[in-house]
Amino acid sequence: MLFGVNVNATWLHEAAVVLGCRHGQLPFLYLGLPIGGDPSKLCFWHPLVDRIRKRLSGWKCKNLSFGGRLILLKYVLSSIPVYFLSFFKAPSGKWVWRCLVENDSLWSLVLRAKYGQEGGRVRFSEGVGSTWRKVGGGRGSLFWLDPWLEDSPFSRSFSRLYDLVVDKNILVADMFEAGWGVGGEAWKWRRRLFAWEEDLVAGCIARLANVSLQVGVPDSWVWQLHNSGCYSVKTAYSYLTASEARLMKILTSFFGYDRFL
């Protein structure tokens, strides 16, 4: 099957004749997924809605008990969207955001049970990107794992210290109360540090010098790509497409455009 991108339909037909194959048009379905479509358009998601509707309708539901229908409903609403959204980054980011801000929701509890958790939250193997932890009293933020002071967490900025620390899930508030200054009780390591590792601790302490917590104020997640601080698929999709465009521009300027033809 031959598909063309930004080519004339007549030329595509003639090319298919020469190659002795059929030709089609974008978007097309492959393994139930629309390939070559625009995820920002509502019609792109119609196949997903149709598949869910077909699974939930028909003779299957008529012969099921109330409990059986409930199980079918939970299965369809979890398995099909997860499979579909796993191929499209922006919408799946919506579920990541919900897991962060709705930590006690049923969906978050199920994911934590299935994929594990860190600090009472779902474990995300690649981080949560473009989010920032706004710290109040520090009772809901992880000192090493949350990006609460800078764009990246301390576990990434000071990865060596993170490997050596005793409690990797300690809260910001607990670190502050134990004393994160020079010689403070907050710094507990699995072994005695080398001299160059002590320098890393000094650098970490320097970044904490002007930090003050607001006791009693809850911590919250902030989406940095929108002025409201809340996640939106539009901003995530725009960021992803812009990032891909910048990467392609860098590659083509460095290696030369012909190598990508």
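The values are calculated or read from the model by the stated rules, or taken from the named source; none is laboratory data. Please read all numbers here as calculations on a predicted model, not as lab measurements. Here Cβ is always computed from backbone atoms with ideal geometry, including for glycine, and neighbour counts include all displayed protein chains. The accessibility values were calculated without ligands, DNA or RNA, using every heavy atom of the protein model including side chains. Shrake-Rupley method; radii C 1.70, N 1.55, O 1.52, S 1.80 Å.
Listed here are the residues, each with its yes/no results for (1) within 24 Å of Gly136 (Cα to Cα); (2) open to solvent by 70 Å² or more (accessible area, probe 1.4 Å).
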position: Glu197; (1), (2): no, no
position: Val211; (1), (2): yes, no
position: Gly216; (1), (2): yes, yes
position: Asp219; (1), (2): yes, no
position: Tyr231; (1), (2): yes, no
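So, of the residues in the range 139-168 that are out of contact with any Pro (no Cβ under 8 Å at 6 or more places or on another chain), in a loop (DSSP other than H, G, I, E, B) and at pLDDT 90 or above, which turns out to be nearest to Val101 (Cα to Cα)?
Among those residues, the one meeting the criterion is Phe143.
Given the conditions (1) touching a residue at least 40 places away in the same chain (Cβ under 8 Å); (2) surrounded by fewer than 14 Cβ atoms within 10 Å (Cβ to Cβ), report the number of the one that Arg190 does not fulfil.
(1)
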